[in-house]
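Comments concern the structure below.
The values are calculated or read from the model by the stated rules, or taken from the named source; none is laboratory data. For clarity, every value in this text was computed on a predicted model and none was experimentally measured. Please note: Cβ atoms are built from the backbone with ideal geometry, for glycine as well, and neighbour counts cover all protein chains shown. What goes into the accessible areas is simple: the full protein's heavy atoms, side chains included, and nothing from ligands, DNA or RNA. Shrake-Rupley method; radii C 1.70, N 1.55, O 1.52, S 1.80 Å.
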Amino acid sequence: MHVLGDQELAVLARFCELAVPGSAAIGPVSYVERVLAGMPPAEEDAVHAAIGLVATCLDSADSLARIAHTEAFGLLRGLAVEAFYGDYAAPGHTGPTGHDVIDFAPPQARRLRKDWSFLDPAAGSPTASGRETAEVVVVGSGAGGGLIAADLGRRGHDVLLLEAGGLHPAEDRTRFELAARHQLWWPTRSTVPRTDDDEPVALLAGRCVGGTTVINTKVAMRAADFDVARFHAETGLLGRDGAVTPADLAPWYEKVERRLGVRERADWTPSVHTVRAGFAALGACLEPVRSYTDFTCSRCGSCTTGCPTNAGRDTLNTYLAPALGRGEIRLLADRTVTRVLMDTSATPRVTGVRYRNPDGSTGEVSAPVVVLAAGSLNTPQILLRSPDYVALDTPSTRLVGATLGLHPARLVYGLFDSPQDCHLAYPITAHCLTHQRDFVVEGTTIQEPVSFATGMVDALGRPLWGVELATVLRDYRYWTGLLVMANDENTGTVELDPAGRAVITKGFSVAERRRLDDALAFTADVLRAAGATRVVWSGLSTSHMQGTARMGDDPARSVVDLAGRAHGVDGLYVGDGSVLPASLSVNPSLTIMAMAAMIADGLAGALA
Ligand SMILES: Cc1cc2nc3c(=O)[nH]c(=O)nc-3n(C[C@H](O)[C@H](O)[C@H](O)COP(=O)(O)OP(=O)(O)OC[C@H]3O[C@@H](n4cnc5c(N)ncnc54)[C@H](O)[C@@H]3O)c2cc1C
């Protein structure tokens with residue numbers, strides 16, 4: 001049965017071929033129809049409206065170019081890119097597919113019979129009792145929540161873990177980008193620019209048991225001394241002897257590093273040696289990274305689609321699986337917590353949480369302790385949707401969501417004369433810290449084909465499409481990528497609009513803009529100095545959201561205290577990246593886990 005009318009089908013087919021040349025052969029409209037069948041009505045309406053708009057501009061690529069800046073164009077371009085570079089083929093298609101055209105054949109994909117059933121509308125899943133009780137309820141199972149739940153369970157506490165995403169252990173994972181985006185990733189969100197000069201930033205995160213640690217690249221960095229110095233400056237955070245110092249955090253870093261098996265990755269592939277010469281030519285230094293991947297890592301390049309071998313240590317295989325296996329914690333996956341429940345008749349105290357089942361029904365958990373660890377974008381939303389918490393209206397509650405740090409990043413790619421095959425390597429074995437006070441560069445890497453094609457922009461920052469896009473993608477194996485992340489000053493916000501929808505805003509300060517410009521110029525120069533014949537880059541994105549419920553000793557400048565306890569609310573804790581007092585100059589997960597270990601230890605003491 002068709003979801004689109006005949007005229008719409010014809011318009012869409014013509015659009016796909018103009019936006020992604022060569023794609024008509026695989027039948028992209030059949031992909032779009034399957035996606036539409038599972039879409040909420042409002043999103044489906046937007047697709048119908050977009051088809052209506054582009055219908056008037058399909059005479060040629062030139063006439064389509066007139067609307068290439070519109071949201072409607074972007075929406076349809078995204079779907080066309082997914083269909084072709086995601087390797088879809090309509091039933092009955094027998095010729096080459098998108099992956100054949102760009103010669104993308106990673107090890108797992110060769111063994112994979114692609115199962116597209118994830119595109120079908122979700123069936124309702126059984127509901128929980130809807131009236132659970134626990135001593136501690138932990139919300140979110142990522143870097144922070146996964147560790148805290150397992151730690152408290154090990155110590156004998158009655159822990160219930162609620163997670164919005166599904167349970168997808170390593171044996172179920174394949175090198176299949178679109179399935180991973182659907183099953184392991186949040187649908188990509190984006191910041192709203194504050195001014196015309198601000199670029200939107202794509203927000204990347206995981207939604208599954210194990211959270212973003214399941215799809216991250218596992219670089220394990222401690223915060224720099226100057227990062228930690230900013231903690232006290234921003235929120236008055238104290239350590240043992242006054243302002244918090246790296247020595248205060250060191251025991252917690254050591255604890256998680258031991259458990260994660262952090263080790264150095266000096267197993268550089270040829271593409272790293274290629275770019276190393278470029279760094280050297282610019283007087284900069286490329287060094288091996290440390291990461292939480294063990295020696296069984298086969299360097300297959302599957303990190304962002306979920307490690308299929310458990311060589312990548314995520315919170316699922318390292319903390320949660322043993323805890324679940326031993327019966328030390330209970331897990332409810334596919335449950336989205338919507339608000340914190342409180343008793344405000346005397347000293348405000350938490351009494352539990354409300355959650356939504358996949359079929360839309362709701363349930364509640366009664367618990368005297370709630371640990372929010374839903375990530376730096378979602379933890380503040382839960383607090384802002386909790387009327388009793390918002391009604392406290394203290395300096396601390398008013399800060400929730402007001403200080404979002406992004407550590408914005410860009411992928412910069414150089415085209416080389418010989419194949420680089422960056423998709424067949426462990427993506428980040430090297431980094432350059434020479435300019436760490438402004439930006440850090442990591443590599444070498446390439447995104448999977450859909451992400452690579454979706455993110456690519458032209459010199460004016462407009463999404464690439466048409467012949468230009470197809471030309472860049474055709475050389476997929478010849479590009480080497482560097483990821484450059486610039487320091488920021490927590491100038492983003494997470495708020496709710498009057499309808500209760502999240503609005504994530506980011507405006508760049510003059511200093512942040514300068515850093516981003518310098519970061520791009522430096523990285524492009526490195527690639528040219530290394531011999532790249534062409535350099536292209538992506539728009540801005542971030543996978544390092546932080547600081548929306550900051551930890552500090554000054555309640556006027558922070559949301560939680562050193563123990564992770566919300567100022568002024570008994571039993572309410574935050575235990576994820578939201579607590580970082582100031583945006584870091586390095587990848588944040590190790591610091592999030594170190595702070596989570598510290599919070600779990602303090603909480604266990606309080607519960608004893
Ligand atoms: C592609 C990518 C690569 C990365 N690479 C690195 C790296 O190499 N090194 C590094 O240090 N960092 C890396 N990161 C970042 C790092 O993984 C995150 O900073 C870290 O996982 C954040 O931890 P968290 O506990 O704050 O949130 P998350 O790990 O995101 O966990 C939050 C969990 O809460 C769940 N949740 C959200 N809302 C709700 C709700 N309402 N109810 C119930 N559950 C909810 C989510 O589904 C998720 O599972 C990367 C991130 C990405 C996206």
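At-a-glance table
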read-out: Nearby lysines by direct alpha-carbon distance to Lys255 (threshold 29 angstrom, same-chain neighbours under 8 apart not counted); value: Lys218
read-out: For the stretch 247-297, Kirkwood radius (reciprocal of mean inverse C-alpha pair distance, Å); value: 13.1 Å
read-out: Among 588-594, 499-505, the order from most to least packed when residues are scored by Cβ within 10 Å on average; value: 588-594, 499-505
read-out: Those trypsin sites (Lys or Arg not before Pro) in the stretch 260-298 that DSSP places in a loop and that have at most 10 other beta carbons within 10 Å; value: none
read-out: Cα-based shape type of the stretch 167-254, given that a ≥ b ≥ c are square roots of the gyration tensor eigenvalues and the cut on a/c is 1.5; value: oblate
read-out: Cα-based shape type of the stretch 24-136, given that a ≥ b ≥ c are square roots of the gyration tensor eigenvalues and the cut on a/c is 1.5; value: oblate
read-out: Helix runs (DSSP H) in the chain reaching 24 Å along axis by Cα, Kyte-Doolittle at least 1.0; value: 589-607
read-out: Gyration tensor (alpha-carbon) shape descriptor, the stretch 256-405, a/c threshold 1.5; value: prolate
read-out: Distance in nm between pseudo-label sites at Glu135 and Asp417 (7 Å out along the Cβ direction from Cα); value: 6.7 nm
read-out: Surface share of carbon and sulfur [accessible, 1.4 angstrom probe, percent] for the chain; value: 53 percent
read-out: Solvent-accessible heavy-atom area per residue, rounded to whole Å², over the chain at 1.4 Å; value: 38 Å²
read-out: Surrounding net charge for Tyr85, when Lys and Arg each add one and Asp and Glu each subtract one, Cβ distance under 10 Å; value: -4
read-out: Cα centre as origin, Lys/Arg/Asp/Glu Cβ charges: the chain dipole, Debye; value: 1020 debye
read-out: Helical contribution to [θ] at 222 nm, DSSP H n ≥ 4, -39,500 (n - 2.57), averaged over the chain, rounded to 500; value: -10000 deg cm²/dmol
read-out: Extension reserve of the Ser190-Leu58 stretch, reckoned as 0.36 nm per residue once the Cα distance is removed; value: 44.7 nm
read-out: All-pairs Cα distance distribution in the stretch 346-487, expressed in whole percent, bin size 10 Å; value: 9, 25, 21, 18, 20, 6, 1, 0
read-out: Sorted largest first, extent of the chain alpha carbons per principal axis (Å); value: 69, 59, 47
read-out: Summed side-chain charge close to Leu4 - residues other than Leu4 whose Cβ falls under 15 Å, Lys, Arg +1, Asp, Glu -1; value: -4
read-out: Most to least packed among 192-199, 174-181 [average Cβ atoms within 10 Å]; value: 174-181, 192-199
read-out: Directionally averaged shadow of the stretch 476-608, computed from the convex hull of its alpha-carbon atoms, nm²; value: 11.9 nm²
